[in-house]
Structure formats: C-alpha cells, structure tokens
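Notes follow once the structure below has been shown.
The values are calculated or read from the model by the stated rules, or taken from the named source; none is laboratory data. Quantities reported herein were computed from a predicted structural model and do not represent experimental measurements. A quick note on method: Cβ atoms are made from the backbone with ideal geometry, for glycine too, and the neighbour counts reach across all protein chains shown. Quick note on the areas: whole protein, heavy atoms, side chains included, nothing else; ligands and nucleic acids left out. Shrake-Rupley method; radii C 1.70, N 1.55, O 1.52, S 1.80 Å.
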Amino acid sequence: MSVEKEGGKMDDRALKVLEYDKIISMLADYSLSPLGKAMAKELRPSSNKDEIENMLVQTNEAEMIIAQSEKAVMDTFPDVSNHINRADIGAILSPKELLDIAKLLKTANRVKTVISEFEGEAQVIPSIASSLKPNKWLYSEIYRCIEDEDTISDNASSELANIRKRINRAHVSIRNKLDSMIQSPQYQRHLQEPIVTIRNDRYVIPVKQTSRSSVPGLIHDQSSSGATLFIEPMAIVEANNVIRELILDEEKEIERILADLTNKVVAVADDILANMGLLAKLDFIFAKGKLSLAQRAVCPKLVDGDKLKIINGRHPLIQEDKVVPITVELGYDFNALVITGPNTGGKTVTLKTIGLFVLMAQSGLHLPAGYGTEMGVFSSVFADIGDEQSIEQNLSTFSSHMTNIVKILDRAGAGSLTLFDELGAGTDPTEGAALAMSILDYLNKNNIKTVATTHYSELKVFAMTQPGMENASMEFDVETLRPTFKLLIGMPGKSNAFEISSRLGLPNSFINRAKEFLTQEDIRFEDVIRSVEEDRISMEKSRKEAEKEYEEVKRLREELELQKEELLESKQDIMQKAREEAMGIVKNAKDEADKIIQRLNRLSNTAYEKDDRRAAEDARRQLKDKLDTLEEQTALAREGARGLIDPPKDLKLGETVYITNLDKKGQVLTLPDDVGELQVQVGIMKVTVNISNLRKTETEKEEINRVHTYGKNISIRDRKVNTEVDVRGYGAEEAIIEVDRFLDDAFLLGLGEVTIIHGKGTGILRNRIQDHLQTHPHVKTFRLGKYGEGETGVTVVSLK
C-alpha cells in the first residue's frame, strides 16, 4: 500500500532546517563572476533523474579538468548586458564599456582554448565551451584602439595620430616662444618668476601686477594676493587658438573611433550576450568542481528508486578534523530507521547529514563521503528538526512539532523522505511513544522512507518487531561518559542511565531501588541489548587487531621487496664499476701502444724496423680487440641494468650468443624450455644456462643500434671500417674518446682522409675536437668542410 501525494518540489522549511542555504553560500563563494554567483544562489534540488545525472556529470568533468589543467580554467568577466542595451539604442560606448566587452570576449577565447584540450576526456563541458564565439577580431581591434579607460591609442587611426603630432608640434612651438620671452631681459623684470604655466588649457606667464601694461596679452587668472597676473601674451594667442582647434578635432576623431567600435559591437551583440551566458554557466559548473575538491567529495552512484547508501559520510558544515563519519543506508532492506542514543550524541547531526546529502546529490553536487556511496531520487524531502515553537503563535514545543508533522503527513507520499527529530517528544512519554509508533507505522506501510530519532524505549521494541523497520543507535562510551558519535545500524540504543549515575557517584542503594520499579520485560530487554553490545565491542576489537596485523604484514612485505630491488641494483652497479675500471686499464695500455707506434714512425724504414713496427701494430690491435670486448660487456651491463635489452627471442640452433654471467661466447644446442633453460656449447664444454643470461652477439646487436652508425663502409682485410664518425649529441669528453677510437681504426687500416661530424651548434664541441687533433699522433692536417661536405659542421682530417 502506498499513498500518492503532490511531489516534485522540495519543502522550503526542510531546506532551511537542513541548512541547505549554507552549502549554496559556500558554492557561490567559489564562483568568480557575479553572474556565476547568481546562478549558484538559484540552485535548487531536482527530482528528475536525467537532469540530476547531467548535473553530476558536469561536476565530474569540472573536477577532472581543474585537477589536470596546468592553468586556471576560468577567469573573472564583467556583466556587459547594460553596455549592449545602450549600444542597441544608439548610444556611443565609453572606452571602459568597450574594454569590458573586450575582456569578456578574450576570457571566452581563453576558456574555450583551455577546455578544448580535454575534448577526448570530457563531453558535456567541451560541448558547452564549443558554443562560445569569442570574435577575436573584435577584442583585438578594441585593444588596438584603446589603451585604458582614459586613453585612446595613437594607433586607433592615422588621422588621430596626425592630429596629435600637430598638437605636439604646436605645444613645442609655443613653449619655445615663451621660453624665449621669460629668458629675455626685456620681460624678466616684469615677471613674478621665470616660468611657463597653464590656465584654462592655455599657456600663460606670471606677470607682476605693476607691470600689467608692459606685457600685452589676455589675463586668464590672478594669484590670491592679487600681486600676480597670469597673462597669455598676444604673441601666442593665435598659436593657443590653433591648439584648441586641434584638440576639438582630436575629440571628434576619438568620438568617431568609439562610434565605429560601438557599431562593430552591435553587429555581434547576440554573440556577446550568448558568450556571457555560457561563461556564467561554466563559472557555476567549475564552482561545483572546486567545492568538490575542497570537500574531498565523491560523485555518488545514481540508482533507481527512493533509497540511499552513505559510506563514511561527513557533514559538510562541520570541520573535517572534528566530524565523525557515518555509514547508513535506507530503502534497501528497510524503509524506516529509528535512531536512539544520548543527548548531544550525534543523532541530530546524523539526521541532518542524511537529509543534506539527498539535497546536495539532487542538486548535482558531490558528497563528502567514501566511494561506494549510492543515492536514489526522492520526489520531496520533509524535516521536523529542532525546537521551532512560535512565541507569537503561543505554541508549546509539542504543539509546534505536531503542527509541522501534520503538514508533513498531509504532503508526504511514495518517493518522499521524512526526517523526525525526537518524534513524539514534549508530552506525556506514554502517549508520546504511542503517537510516534502510530506515525511510524503509517509511514512504513505507505512506503515513505523515514528516519526518526527518539528516547522512547517503546520505539526500540516496536522497530524490532515491525517488518520494514530497523533500529540504530549512537555509540556511547560508559568508561569516559562521552558519546563517540558513531552510528551503529541494527543495534538499538541501550539506556545507560544507571551506569552513568553510578559513575557520577549516586549510591548503589538508589540504583538498586530504581531497578525494582522496572518490569521484568524491561530488565530482560536491557540485558539482551547489553549482551549484544558487549559481543559487538569484542568483535570490533578483534577486527581492529586483525587489520593492524594485516597492515604490519603488508608493510614488511613492501620493505622486503624494496630491499630486494636495492640489492639487485647494488649488484649491477658493482659489476658496472668493475668493467669500467677494467676498460680504463686497457685504455691506458692502448695509449702506451700509441706512443710506441708514434716513435717507430719517426725511425727510418729499414726492413728490420718495419718488422718491429708491424709487431707493435699487431700488439696494439690485440689490445684494441680486448678493449672492444670490455666495452661490449660494459654496454651490455648498463643496458641490462636499465632494462634496455630483453633476453633474445627466436633463438635458432647453432646461433652464436654471449653468456653474460660466464663472459663467454657459445653456440645454441637446444631451444629454451618452459622455464627458459637451454644448452650452449662453450669450447669443448656443454653448459646449461637461462635465457635471461644470454645476449645477441655483435651481428645481432647491430639490429638494436647499440653500435654507432657511421656514414660509408669499406672493406679492408675483411674488416668493416668507416670514413665518417658522427659525435653530435655527445659530451666533449665522450666525443674525444670516440674520435680517438675512430682515428686508431682508420690509421691501422691505412686510410688517408676521414671526416668527423660534430655539428655547427655553438662551436664548443668543434673547438674541443680540433684542439685535441692538433696534438694527435695520427693526424697530419685538418680543415673545416667545404660547401657540399658539411661546411663548419664537419672537420676533414688527413692522416699520416
């Protein structure tokens, strides 16, 4: 059975007692423009699910864009509706009014640009922003013509620039004439002081009263004492008249420019007003996103039906460090929730949190709660909270509440949410409890979702015995005599009057005597509640201990994983350092060999000396080969440590591979099994290795570009060498090492001329390389490249 009543409009009294207006005020504070603030203040809850869903999507997208955008999305903008109205009736807009319109259009352009970056991640807001028509040409024209509210730019028109030049020339001419006069001995004795000043926009000089007849001209002012007359000499009267005429011409030209700009505004007036409306809407939407971020709120899941599930909901008007989150549901397993608990225990706050969350969600606002929060759609919300008796109406507390309850019962129907604080209070407890049970029974049977707080024990029993109803209580710590403000669903509140009285010092004789007045049913009911409460506390304690142990195990596991990673990195670093040290040793040996070769080159070319030279070159080639092997190992270790080289794939039988942990090369005998193990022939031995310890040999490594790519290859003695080396992008020291290695190869293979590509850039790398070439033992001469060779980006080297 359900009662259909008028719905779809939220009760104004409920909005007031649930303090919805304070949420709206917070929202308006996040709006940047007067129009956005006005839209925020007009926001009211909707009972249309599609509309609510659209509003929530807007808030979602605004929150995401604000969080991800590197720039502020919105900006302030003026209300230009009055400016447009004036322009429509033929008025010429002032520079300030035109600058206001330019600012609005520029803001529209910036907002549209910023939001367009999120077109793939959002739909609703980019769709709104795409409708903006910034008319960039218009605001650019306004800014070109107007510098500030009081200044029209010389660039506004060539005519204006010409007039102002003429005015300036006229001013200079007059000043020169007056400067000549005040410096002339003829006039100096007649002047009060030798200065030029302005009176009534005309140039004048200060003349002594006694010398009035000696300086012919027009008197424009005199000093307060009368001793000084400010005279415009006749010699400059005509020039001052010219300036005045030019100023009038300037004013006419400025008026023409402003009229022209006003006409351009009128031509796109509809676009400007539409932009203003769209910007106001976006400002309002982004205010919702800012409020959500400030409250660390989440978007509730919108579900069908009049029901709700709040997970760790925090009342938005209580400081976050003081509020105690609540978890509550309604409309899933029961339609009515009866909350009991001590005064100041949080019952009213819980009631307001539930009501306010419904209003906020149906206004498209996010909720300061945890993920998993679900909200249905209620056609109306009614609330009877607090003592709002009217002295003028001479109503008692009970009468005031009952008057409001009668109105609620008359208007509430299926789809409504009704909230009652201390239902049935303020009158005889027996009758008040009976009335409360009657009201709850009516609401429950008519499927009207209800949350009510009470002190009556009778309502606890009633809620336990009625299908569709559930008990809840606000937890109270008897040890500290303080409420914990935690809501416990399914647990009726236990009366703590005897325990509290005893802890406060009331003799046991009074408490025992009081118990004698209770019925056996009351005693048994309280005993059952006490037993259930003790079991709940015990289970809660066990749960917290289990969570603590789980967190400790999780922490230890993370520490072990971190230590494992650090050990692996340390091992790789040690191997890398050892290989680099070995490479350094071999490089030193190579340098010594270079010195030997250089000395042999200076000796005479007898057959015996040539043999010695050939032996030295053979020894050096062996050293170089060893160096190449070590460099290969170093590069492989570095790349392996960085994860740049994966184990080889698609191995073939007989393929040559490098075994990193054995520092040997071998041929594949078997393909990897399920765990990556395979056999490799190393010399006369067969070894079993894991594929993770294998790397491609030199021919395969060319495929991953580990070896530097040079320009042109030639084949000499079955070895590939290059006539060019590219060291662009190298550091100076790295480049010199690479050039050394390249020149060694070229020298040994008898190349006459090679090219070093170092790029043009700032020239630092080129200078360092050429400084090094001047003392290099293999270099005969060097020069910069010619046209077609790379010019200053390359150095061509002739070898000895």
**OP:** Determine the pairs where a residue that is of a type in the set (S, T, N, Q), located within region 220-248, has a partner that is in a loop (DSSP other than H, G, I, E, B) and open to solvent by 70 Å² or more (accessible area, probe 1.4 Å) with Cβ atoms under 6 Å apart, the partner being 6 or more residues away or on another chain.
**Re:** 228/192
**OP:** Check region 282-290 and report whether any residue there is open to solvent by 40 Å² or more (accessible area, probe 1.4 Å), over 15 Å from residue 35 (Cβ atoms) and either out of contact with any Gly (no Cβ under 7 Å at 6 or more places or on another chain) or of a type in the set (Gly, Ala, Ser) (or both).
**Re:** yes
Original post:
Which of the residues that make up region 226-259 are open to solvent by 60 Å² or more (accessible area, probe 1.4 Å) and closer than 22 Å to residue 138 by Cβ?
Top reply: 255, 256
**OP:** Run down 18, 35, 43, 56 and say which single residue is open to solvent by less than 60 Å² (accessible area, probe 1.4 Å) and more than 30 Å from residue 447 (Cα to Cα).
**Re:** 35
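Condition check ((1) closer than 30 Å to residue 110 by Cα; (2) touching a strand residue (DSSP E or B) at 6+ places or on another chain (Cβ under 6 Å); (3) in a loop (DSSP other than H, G, I, E, B); (4) at pLDDT below 85) across all residues:
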| site | (1), (2), (3), (4) |
| --- | --- |
| 142 | yes, no, no, no |
| 159 | no, no, no, no |
| 210 | no, no, no, yes |
| 229 | no, yes, no, no |
Subject >> Boolean, residue 349 is closer than 25 Å to residue 292 by Cα and open to solvent by 10 Å² or more (accessible area, probe 1.4 Å) >> reply: yes
**OP:** Show the residue pairs that are 6+ apart or on different chains and have beta-carbon atoms under 9 Å apart, the first residue being within region 327-339 and on the phi > 0 side of the Ramachandran plot, the second being assigned to a loop (DSSP other than H, G, I, E, B) and among the small types (Gly, Ala, Ser).
**Re:** 331/305; 331/376
Subject >> Selection from region 636-692 of residues that are at pLDDT 85 or above and of a type in the set (S, T, N, Q) >> reply: 656, 667, 670, 679, 681, 688, 690
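Yes or no, residue by residue, for (1) open to solvent by 60 Å² or more (accessible area, probe 1.4 Å); (2) in contact with a His (Cβ under 9 Å, 6 or more places away or on another chain); (3) charged (D, E, K, R):
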site: 406; (1), (2), (3): yes, no, no
site: 411; (1), (2), (3): yes, no, yes
site: 418; (1), (2), (3): no, no, no
site: 433; (1), (2), (3): no, no, no
Original post:
Under the condition of being assigned to a loop (DSSP other than H, G, I, E, B), touching a residue at least 12 places away in the same chain (Cβ under 8 Å) and within 20 Å of residue 267 (Cβ to Cβ), which residue from region 79-96 is most open to solvent (accessible area, probe 1.4 Å)?
Top reply: 92
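Residue-by-condition table, conditions (1) polar (S, T, N, Q); (2) touching a Ser or Thr at 6+ places or on another chain (Cβ under 9 Å); (3) open to solvent by 90 Å² or more (accessible area, probe 1.4 Å):
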{"residue": "762", "(1), (2), (3)": "yes, no, yes"}
{"residue": "767", "(1), (2), (3)": "yes, no, no"}
{"residue": "770", "(1), (2), (3)": "yes, yes, no"}
{"residue": "783", "(1), (2), (3)": "no, yes, no"}
{"residue": "788", "(1), (2), (3)": "no, no, no"}
{"residue": "793", "(1), (2), (3)": "no, no, no"}
{"residue": "798", "(1), (2), (3)": "yes, yes, no"}
Original post:
How many residues, within region 49-77, are outside any helix (DSSP H, G or I) and in contact (Cβ under 8 Å) with a residue 40 or more places away in the chain?
Top reply: 7
**OP:** Considering only residues that are out of contact with any strand residue (DSSP E or B) (no Cβ under 6 Å at 6 or more places or on another chain) and of a type in the set (D, E, K, R), look in region 194-208 and name the one that is farthest from residue 238 (Cα to Cα).
**Re:** 208
**OP:** Identify, by number, the condition in (1) over 23 Å from the mean Cα position of the chain (by Cα); (2) closer than 28 Å to residue 355 by Cβ; (3) among the β-branched types (Val, Ile, Thr) that residue 59 doesn't meet.
**Re:** (1)
Original post:
Name the residues in region 441-470 that are buried (at least 19 other Cβ atoms within 10 Å of the Cβ), of a type in the set (A, V, I, L, M) and out of contact with any helix residue (DSSP H, G or I) (no Cβ under 7 Å at 6 or more places or on another chain), would you?
Top reply: 443, 448, 463
Original post:
Given the structure, is residue 212 touching an Asp or Glu at 6+ places or on another chain (Cβ under 9 Å), among the basic types (Lys, Arg) and under 20 Å from residue 178 (Cα atoms)?
Top reply: no
Subject >> Of the criteria (1) modelled with pLDDT of 85 or more; (2) in contact with a His (Cβ under 8 Å, 6 or more places away or on another chain); (3) farther than 16 Å from residue 164 by Cα, which one residue 206 fails >> reply: (2)
Original post:
Among the residues of region 171-184, is any assigned to a helix (DSSP H, G or I), charged (D, E, K, R) and touching a residue at least 24 places away in the same chain (Cβ under 8 Å)?
Top reply: yes
Original post:
What number of residues in region 29-48 are part of a helix (DSSP H, G or I) and either farther than 15 Å from residue 366 by Cα or modelled with pLDDT under 95 (or both)?
Top reply: 8
Original post:
Of the residues 212, 164, which is open to solvent by 50 Å² or more (accessible area, probe 1.4 Å) and at negative phi?
Top reply: 212
